[in-house]
1. Inspect all residues belonging to region 15-37 and state whether any of them is open to solvent by less than 70 Å² (accessible area, probe 1.4 Å), more than 20 Å from L113 (Cα to Cα) and in contact (Cβ under 8 Å) with a residue 40 or more places away in the chain.
2. Check whether at least one residue in region 159-175 is loosely packed, with under 15 Cβ neighbours inside 10 Å and closer than 24 Å to S78 by Cα, and report yes or no.
3. Which is under 19 Å from R52 (Cα atoms) and over 18 Å from the mean Cα position of the chain (by Cα), of K67, K101, K75?
4. Give me the pairs, please: first residue somewhere in region 72-83 and within 19 Å of F126 (Cα to Cα), second residue anywhere and open to solvent by less than 90 Å² (accessible area, probe 1.4 Å), beta-carbon distance under 8 Å, and either six or more positions apart or on two chains.
5. What pairs can you find where one residue is in region 120-137 and within 14 Å of I175 (Cα to Cα), the other is among the β-branched types (V, I, T) and assigned to a loop (DSSP other than H, G, I, E, B), and their Cβ atoms are less than 6 Å apart, with a gap of 6+ or different chains?
6. Kindly provide the set of residues from region 95-150 that are in a loop (DSSP other than H, G, I, E, B), in contact with a Gly (Cβ under 6 Å, 6 or more places away or on another chain) and surrounded by fewer than 17 Cβ atoms within 10 Å (Cβ to Cβ), ordered by number.
7. Scanning region 44-88 for residues that are part of a helix (DSSP H, G or I) and open to solvent by less than 40 Å² (accessible area, probe 1.4 Å), which turns out nearest to A172 (Cα to Cα)?
Amino acid sequence: MASTIPVLEEKSAGYTRGILLSLAAVLVFGVQDAVAKILVQDYSPFQISMMRFWAFAAVALFFVSRKAPLRQAFKSASPRLQIFRAVLLIVDIWLFAFAVKTVPLGELASISLIYPLLVTVLAVVFLGERVGIFRIAAVVTGFCGALLIVRPGGIPLDLGVLFAALSAAAYAGYIICT
C-alpha cells in the first residue's frame, strides 16, 4: 500500500498540472481573440496573423531549443503533409480574423465550435475511423446546437458567419492532418 501512494500523488500532480495548463490555454486563446477583435478594426487580418505566427514561432523555438538542437525542429518525416497542415492553419487564422471583424465574439466562438463535428466527419472520410451510434448522435445534436446559435437568435447570415464556418472547417482539416 505504501508503494502506491507516491504513484497516486504523482498522477494527481500530473492531472493538476494538465488542468492548470488547459485553463491557461483557454485564457490565452480568449485574450488573443479579444485582442484580435480590437486590432482587426485598424489592421489587416494578414498583419495580425503574421504577428501571431511570429510570436508563436519565437515561443516554440525557445522551447525546442531547451530540449534539442534547433535543426531537429525543422526535420519532418512527411514535409508535404506538414506544409499542407501549415497552410490550413494559416487559412484558419485569416478567415477567423476576417470573421472577427463583423461577428460578435461570443457568437464567433459558438460558430467556431462546429470544428469537433467536422473533425468527426472528416475522420470517417479521410482516416477511415468507425463512428458508433452515440458519436453520430452527438454530432447531429452538436450540429443542431450550432444551427440554434447561428439562426434563431438572429445572427445575420453574412460573410463574417461564412468566414467563421470556413475557419472551423480549415481548423478541422488541420487537426485531421495532425
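1. no
2. no
3. Working: K67 fails: under 19 Å from R52 (Cα atoms); K75 fails: under 19 Å from R52 (Cα atoms).
Testing whether each residue is under 19 Å from R52 (Cα atoms) and over 18 Å from the mean Cα position of the chain (by Cα) leaves just K101.
4. Cβ pairs passing all conditions: L81/C177; Q82/S76.
5. From region 120-137, the pairs are V124/V131.
6. Applying the first criterion (in a loop (DSSP other than H, G, I, E, B)) to region 95-150 yields 103-104, 113-114, 128-132.
Filter again for in contact with a Gly (Cβ under 6 Å, 6 or more places away or on another chain), leaving 103.
Those that are in a loop (DSSP other than H, G, I, E, B), in contact with a Gly (Cβ under 6 Å, 6 or more places away or on another chain) and surrounded by fewer than 17 Cβ atoms within 10 Å (Cβ to Cβ): none in region 95-150.
7. Quick first cut of region 44-88, residues part of a helix (DSSP H, G or I) only: 45-67, 70-74, 79-88.
Right, trim to open to solvent by less than 40 Å² (accessible area, probe 1.4 Å) and you get 45, 48-49, 57, 60, 88.
Values: P45: 20, I48: 21, S49: 18, A57: 21, A60: 22, L88: 9 Å.
Applying the filter and picking the extreme gives L88.
The values are calculated or read from the model by the stated rules, or taken from the named source; none is laboratory data. These numbers were taken from a predicted model, which means no experiment stands behind them. Note: ideal-geometry Cβ built from the backbone for every residue, glycine included; neighbour counts use all protein chains shown. SASA here: full protein model, heavy atoms, side chains in, ligands and nucleic acids out. Shrake-Rupley method; radii C 1.70, N 1.55, O 1.52, S 1.80 Å.
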